[in-house]
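Notes follow the structure.
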Amino acid sequence: MGIFSKPQKRSALPPPTDDFWYKTLPFSSSGGGVSTETVASLAAFYACRLVICESVAMLPAFVFSQEQENNSIKAKDHPLYDILHDAPNNLMDSFTFFETMVGSMIDHGASFNFIQRTKTEELAGLLPLDAARIQTKVVDNELLFKYSPMGSAPESYRAKDIFRVLYNSKDGVTGRTPIQTAAETFGFSLALQQHGNQLFENGAFMSGFLKVPFVFKDSEARSNFMDSFKKYFGAKNAGKAALLEQGADYVPFSMNNRDAQFIESKKLSVLDIARIMRVPPHMIQELEHGTSFASVEQHSINFIQHTIQPWLTRIEKAINFQLLRSKIKKAEKYFVKFNAAALLRGDLKSQTESLVMQIQYGLKTINEARELLDSNRVSDAIADNILLSHNLVPAQKAVEQSQNLLKGQSNE
């Protein structure tokens, strides 16, 4: 069953009568509109979208079983474990799946996936669907989805058939994309981009008036005169001198790029897009504003904590609520967690020092630390025991030593 075959269903967009989603928003002086397709051409938006999607997709997701209140282990036998960690379906791996999911939320405000199940109703896979083709409504306190595949009749689905994740929702039913909520900002960037493209397409020749000391005999003479002047336009004619005949004079009326502060406006538009997407400028190669080599590390930590972590939590909560929530009281609890620590690793020296301290204070075993360094586990039993600081002895042995010491003191 392919992604674009029968099970393609989606949910989370307003109805077709709502022009918030289905109409292209205008932007000034460009002749185009603000939409997912037009905004994708902006380098700053593309870079922000890419760094968010790839940062989330590169982190492994694990299903944990919480057998006791403070004791969780990886539930490798759960059917969702391999789906999230390895391959959600037979067409893509987990990296591509999460990259597609986050990209859909940025572009459309929501991600929708058809839930594949076995005959016994166990999870068998997740298939991404096109968010732009789904409508969502609430009937009798239940979500219903209407999907309109291209060239086929619309299909209806219930909440149990669809796994969805919303972005920036106001009502818990539909999501909102930053492209729509900040349309004016993106429109300004698109207008700047189109201005620059048209300028250099015309060989950086500004528009204006042609002033002639005579009146043309007819429209044909006027057209011939204009055609002879237009041959100097275009990038291939850049740097050539134009010849004005019969006393004609060229009077430009457009602002030049210096007057319009074109370069400064372009830089400002990049920063505005970075603000909207909550991406530090240095992550998209903008290093001129308040960024130094000394501060890059702190900016990177802020990126993980305040940009990536909300995305991870959003996905985790959706999975826990829709796919892992048990209706049986006191049943074994499962939950999904991304390993965000992979993004927080520093250089080798700092990472090694951190792991040594964690081993010394009993936060990790030697084998757990070796796994973080992509090293093989060791067979020595001590490598799987929690060690304490100073003497690095097994915790149980330290407890026994303390008990023996107390007994000796009491006997005295």
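Note on the range 30-130: enclosed strands (runs of 3 or more DSSP E) holding 3 or more residues that are farther than 20 Å from Gln180 by Cα and touching a residue at least 60 places away in the same chain (Cβ under 8 Å) are 61-68, 110-117, 123-129. Checking Asn113, Asn71, Asn89 one by one, the residue that is at pLDDT below 95, of a type in the set (S, T, N, Q) and exposed (fewer than 14 other Cβ atoms within 10 Å of the Cβ) is Asn71 and no other. Is the range 307-318 home to any residue that is crowded, with 17+ Cβ neighbours inside 10 Å, modelled with pLDDT of 75 or more and among the small types (Gly, Ala, Ser)? Scanning the range 307-318 turns up at least one residue that is crowded, with 17+ Cβ neighbours inside 10 Å, modelled with pLDDT of 75 or more and among the small types (Gly, Ala, Ser).
Of all the listed residues (Lys349, Lys337, Lys327), the sole one being out of contact with any strand residue (DSSP E or B) (no Cβ under 7 Å at 6 or more places or on another chain) and either at pLDDT 85 or above or not in a helix (DSSP H, G or I) (or both) is Lys327. Say whether the condition of being closer than 23 Å to Thr174 by Cα and out of contact with any Cys (no Cβ under 7 Å at 6 or more places or on another chain) is met by at least one residue in the range 76-97. Within the range 76-97 (the criterion being closer than 23 Å to Thr174 by Cα and out of contact with any Cys (no Cβ under 7 Å at 6 or more places or on another chain)), the answer is yes, since at least one residue qualifies.
Exactly one residue out of Ser104, Ser94, Ser152 is buried (at least 20 other Cβ atoms within 10 Å of the Cβ) and hydroxyl-bearing (Ser, Thr, Tyr): that is Ser104.
Scanning the range 368-386 for residues that are aliphatic (A, V, I, L, M), modelled with pLDDT of 80 or more and surrounded by 15 or more Cβ atoms within 10 Å (Cβ to Cβ) gives Ala369, Ala383, Ile386.
The values are calculated or read from the model by the stated rules, or taken from the named source; none is laboratory data. Just so you know, these numbers come straight off a predicted model, no measurement behind them. Cβ atoms come from the backbone with ideal geometry, glycine included; neighbour counts cover every protein chain shown.
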